[in-house]
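Participant: This is the structure, below, for whatever I ask next.
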Amino acid sequence: MSTRAYNFAYLDEQTKRMIRRAILKAIAIPGYQVPFASREMPMPYGWGTGGVQVTASILGPDDVLKVIDQGADDTTNAVSIRAFFVRTAGVRTTTDTSEATIIQTRHRVPETPLSEGQILVYQVPIPEPLRYLEPRETETRTMHALGEYGVMHVKLYEDISRHGHIATTYAYPARVAGRYIMDPSPIPKFDNPKLDDCPALQLFGAGREKRIYAIPPHTRVVPLDFEDHPFERTKFDSACALCGATDSYLDEVVTDDAGGRLFVCSDTDYCEKRQAAKRKDAAE
Amino acid sequence: MYVAVKGGERAIRNAHALLADRRRGNRDTPELTTAQIDEQLALAVDRVMSEGSLYDRGIAALAIKQARGDLIEAIFLVRAYRTTLPRFGFAEPIDTAAMTLSRRVSATYKDLPGGQVLGPTFDYSHRLIDFGLETEDAPAPTAPAATAASDAQGPSPRVTDLIARDDLIERELAPRPGAPVSDITRDALAFPAARDARLQNLARGDEGFLLSLAYSTQRGYGRTHPFVGEIRFGEAAVEMFIDDLGFAVSIGDIALTECQMVNQFTGGDGRPARFTRGYGLAFGQSERKAMSMALVDRALRADEFGEEHKGPAQDEEFVLSHSDNVQATGFVEHLKLPHYVDFQAELALLRQLRRDGGAVAEAAE
Amino acid sequence: MSAMAFADPAFESQAAFRAILRAIASPGAIEPCGRGLKPPSPLSPAAAAAILTLADFETPLWIAPSLAEWGEAAAYLKFHTGAPLAASPRDAAFALLDLERDSLDLKSFAQGAPDYPDRSTTVVAETRSLARRPMMRISGPGVRGMAEIEFGPTPGDFLSQWEANRSTFPLGVDLILAHGAEVAVLPRSVRVTGGE
């Protein structure tokens, strides 16, 4: 395929300016979904066009970029997005969570705690936490304007009365800085506690739905719950079969058709670092 | 011991190589040229230009070739290319009354100035497979002489303009010169949408989606009593106002299909009864698209005319949010991307519910 | 145009944007912005960089009287951004003023609407001093515990104006403070109180 000369990080400067303005508003109004004029990207909607536009608008030549999907650096779409930025921006990439200045992610927050100055960019399919309760934008916009979120509590309460539990396991809604309720993107609720008081800046990009929102560093992010049914983080009974971690989110791998299965870390960087440390310990 | 799956990069490279191979197909068959697609699959090119919202036959033909004939994929290619093009400004409104017509039919008048011109249409073809087209050396068809209606028959005023002379149809007010024009590719759509934004959305909308919605209005889900005032297909001049010159200059001609529906009248409360309109416009020749668009445009005006909502075609937010096939195919198809993490979260909850449920059942025994 | 704008817009505006991004994400942080930029006086490199980075033909710009007097500064911003001049502060996406020579009235700018609080003015204010000193204390989103800031001249009623601005959250304006080639940002979400 022949590549004509595109601008640094693909987007033209006017588009970057428009997205940058939206990002600043999103930080000033934590959790509020800022409409933006999302462009048609050379990858399909649903593949991370929102995250890619946000990353392209903030990325500079000195950045070190990490891209993960399902926690892993080597999933095909993560590989594809990383290759896109190598090709259009020539930036340095890494799989090392601590080394990255920008991490674009789909569905996970890395296990390694993030630090000041890092930016986590989430790919978001449906930015509106109320969308499955009220499909109309005209209605949900009013609910946000009034801070009227009763419908969300009703839904969670119905879960409890039917199942004995809140039946939301991912994209678990949270209240940001005491005001807006946001969809943290389809991360497992295991990751929700990492959003709270996080030292890194968190940006959320929804391309098809044309919305950007943000959580500034050190901001209160509280999962919705009830006093008698407090938010519970998913716990695993197993440890990672590769590194032995008991504190990480695990992927289930089916090993045969006779019920055989094992669990491995979804965060490949975290897992590999732990395996390397174990090998080093064993060698010493 | 279990080893995690690797090799995303190589897998992607191989997928692209395989795709290129399958696109080319059997090497004994001559490679398709974009000129052949442009000339002989012209209606596919028209659709890709319309829904790709870029009037460029060469790019559309190339996109169809690259997409192996998958038109939504081709539309996507054209859209992504279009985004990178510089913008010089807005054209002047096109004067479809002055089009050079290849086809013009009205379902409302038997005869009218300019006449009915059948032109190139499938309408009265018997749908019998033409085995004569199987061979490459079939004798070339000959076109009848003098097909351009305007040349032969003089001016062909728009039917809606004729009805408007008698004040029997609502007036279309020309926007004041210099008024801002919506651009749904540059601004996030907000509801309620202005009519220009709505028409842009429908013009880019998926032909199949609009067709089904239009059909639903005919079956009672928001009936609008439509008559095809006129469908015209032909070439229209595009003009741009050049500030430095102080006047508009023609920058080229484009092929268009325009459909003006004449619909159920309104009036009462002291206002005279008048027909209403629905409007459809598509690049190239696409009557199905233009007619569907006109029906849906009219259905979406239900609130304007105080009509009861009876079907999805009248629901602006529903229609405009779901009409775009590039968005729709992206979001539907993204389900094939990995969702291991969320699925695992659901599995864990399900297992917990089963355990709790089991405990409850045991306790009850 | 005698004064130069960004020599390499893609990279310089990216650097300026990241400075503003860090500053708004961590209110109280003072970030280098616009170094090497030589705008016509009386514009500071930081204020000029902020406007050049963020404004364009889609964002009406309001320039306060004291700066509008300097025809060259206004012409420079208009030429390099293409931003239309806003008729009034309330119509502005961005506003530029000087804290020493112009009065500050946060309520005079666009505050946004309850359903679109983002439709508000971002005010860029030239200052004579900007430092991390405990003259004022900042708390809220982006701030770990408490941050400190001192800028001057500070309008006498600044704290009460800011409290009024914050109390209407999510409505309100965001304030970019420029000094030389440095910026700090006070987003509408933070509380600012008197320090020592």
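Participant: Can you compute the FRET efficiency between C:S129 and C:F57 using 1/(1 + (r/R0)^6), with r the Cβ-Cβ distance and R0 = 41 Å? Round to the nearest 0.05.
Facilitator: The calculated FRET efficiency here is 0.75.
Participant: Which residues, if any, in the range A:50-90 have at least 30 Å² less accessible area in the whole protein complex than in the isolated chain, probe 1.4 Å?
Facilitator: A:I58, A:P61, A:Q70, A:D74, A:T76, A:V79
Participant: If you keep only loop residues by DSSP, which chymotrypsin sites (Phe, Trp or Tyr not before Pro) in the range A:47-148 have at most 15 other Cβ atoms within 10 Å of their Cβ? Before the final figure, lay out the partial values.
Facilitator: On the way: sites: A:W47, A:F84, A:F85, A:Y122, A:Y132; in loops: A:W47, A:Y132.
Those that pass, being in a loop and sparsely packed, are A:Y132.
Participant: Share of Cα-Cα pairs in chain C beyond 29 Å, in percent?
Facilitator: On the way: 3024 of 19110 pairs.
Distances greater than 29 Å cover 16 percent of the Cα pairs.
Participant: I need the GluC sites (Glu not before Pro) found in the range A:62-136, filtered to DSSP loop residues with at most 15 other beta carbons within 10 Å of theirs.
Facilitator: A:E99, A:E116
Participant: Which of the residue pairs A:K66/A:K280; A:K66/A:K278; A:K210/A:K235; A:K155/A:K194; A:K25/A:K66; A:K16/B:K65 have a Cα-Cα distance greater than 30 Å in the structure shown?
Facilitator: With Cα atoms farther than 30 Å apart: A:K210/A:K235; A:K16/B:K65.
Participant: Another question about this same structure. Residues in the range A:183-202 near a label at A:L133, defined as backbone nitrogen under 15 Å from the 7 Å Cα→Cβ point?
Facilitator: Those under the cut-off are A:183-184.
Participant: Please give every one of the aspartates and glutamates within straight-line cross-link reach of C:K38, meaning a C-alpha to C-alpha distance under 17 Å, and leave out same-chain neighbours fewer than 8 residues apart.
Facilitator: C:D8, C:E12, C:E72, C:E126, C:E182
Participant: Can you tell me what share of the DSSP beta bridges in the protein assembly as shown is antiparallel? A percent to the nearest 5 is fine.
Facilitator: Bridges in the protein assembly as shown are about 70 percent antiparallel.
Participant: Among C:V124, B:G270, A:T142, which residue has its Cα furthest toward the positive end of the charge dipole of the protein assembly as shown, with +1 on Lys/Arg Cβ and -1 on Asp/Glu Cβ?
Facilitator: Value computed over the given set: C:V124.
Participant: Give the carbon-plus-sulfur fraction of the accessible surface of the range A:51-145 in %, rounded to a whole number; probe 1.4 Å, heavy atoms of protein chains only.
Facilitator: On the way: 1480 of 2830 Å².
With neighbouring chains kept in place, the figure for the range A:51-145 is 52 percent.
Participant: Further question on the same structure: Which of B:S216, B:M291, B:P86 sits closest to the plus end of the dipole of chain B, meaning its Cα is farthest towards the positive end, when Lys and Arg get +1 and Asp and Glu get -1 on the C-beta?
Facilitator: Comparing the listed Cα positions along the dipole, B:S216 ranks first.
Participant: Still on this structure: For the protein assembly as shown, what does the helix formula give at 222 nm: sum of -39500 (n - 2.57) over DSSP H segments with n ≥ 4, over the residue count, nearest 500 deg cm²/dmol?
Facilitator: Mean residue ellipticity at 222 nm (helix-derived): -10000 deg cm²/dmol.
Participant: A further question on this structure: Filter the chymotrypsin sites (Phe, Trp or Tyr not before Pro) in the range B:222-328 down to the DSSP loop ones having no more than 16 other Cβ atoms within 10 Å, then list what survives. Kindly include the intermediate steps, with their values, before the conclusion.
Facilitator: Values: sites: B:F227, B:F233, B:F241, B:F247, B:F265, B:F275, B:Y279, B:F283, B:F305, B:F318; in loops: B:F305.
Here the sparse-neighbourhood loop sites are B:F305.
Participant: Right, next: Could you report the range B:1-153's accessible area per residue, 1.4 Å probe, as an integer in Å²?
Facilitator: 68
Participant: What is the distance in Å between the Cα centroid of the range C:126-151 and that of the range B:323-347?
Facilitator: 44
Participant: Shifting gears a bit: Using only protein heavy atoms and a 1.4 angstrom probe, determine the accessible area buried between A and C, summed over both sides, in Å² to the nearest 100.
Facilitator: About 3000 Å² of accessible surface is lost on pairing.
Participant: Sticking with this structure for a sec: Counting only protein heavy atoms and rolling a 1.4 Å probe, how much accessible area do A and B lose on contact, total for both sides, in Å² to 100?
Facilitator: Details: alone 14080 and 23530 Å², together 33240 Å².
Answer for the A-B pair: about 4400 Å² buried.
Participant: Further question: Are there any residues in the range C:16-41 with a reduction of at least 20 Å² in accessible surface when going from the isolated chain to the assembly of protein chains? Probe 1.4 Å, please list them by number.
Facilitator: C:F17, C:R18, C:L21, C:I24, C:A25
Participant: Also, quick follow-up: Residues of the range B:60-95 losing 20 Å² or more of accessible surface, assembly versus chain alone, probe 1.4 Å, please list them.
Facilitator: With the partner chains in place, the range B:60-95 has these residues losing at least 20 Å²: B:F76, B:R79, B:A80, B:Y81, B:T83, B:T84.
Participant: Nearest 20 debye, what's the magnitude of the dipole of the protein assembly as shown about its Cα centre given +1 on Lys and Arg Cβ and -1 on Asp and Glu Cβ?
Facilitator: 680
Participant: Using a 1.4 Å probe, what is the accessible area per residue for chain C, in Å²? Provide the component values of the computation, followed by the final result.
Facilitator: Working: 7420 Å² over 196 residues.
Using a 1.4 Å probe on heavy atoms only, each residue of chain C averages 38 Å².
Participant: Let me ask something additional. Whole angstrom only: what separates the Cα centroid of the range B:201-270 from the Cα centroid of the range A:115-154?
Facilitator: 36
The values are calculated or read from the model by the stated rules, or taken from the named source; none is laboratory data. Bear in mind that the values here come from a model prediction, so they are computed numbers and not experimental data. Backbone-built Cβ (ideal geometry, glycine too); neighbour counts: all protein chains shown. Only protein heavy atoms, including side chains, enter the accessible area calculation; ligands, DNA and RNA are left aside. Shrake-Rupley method; radii C 1.70, N 1.55, O 1.52, S 1.80 Å.
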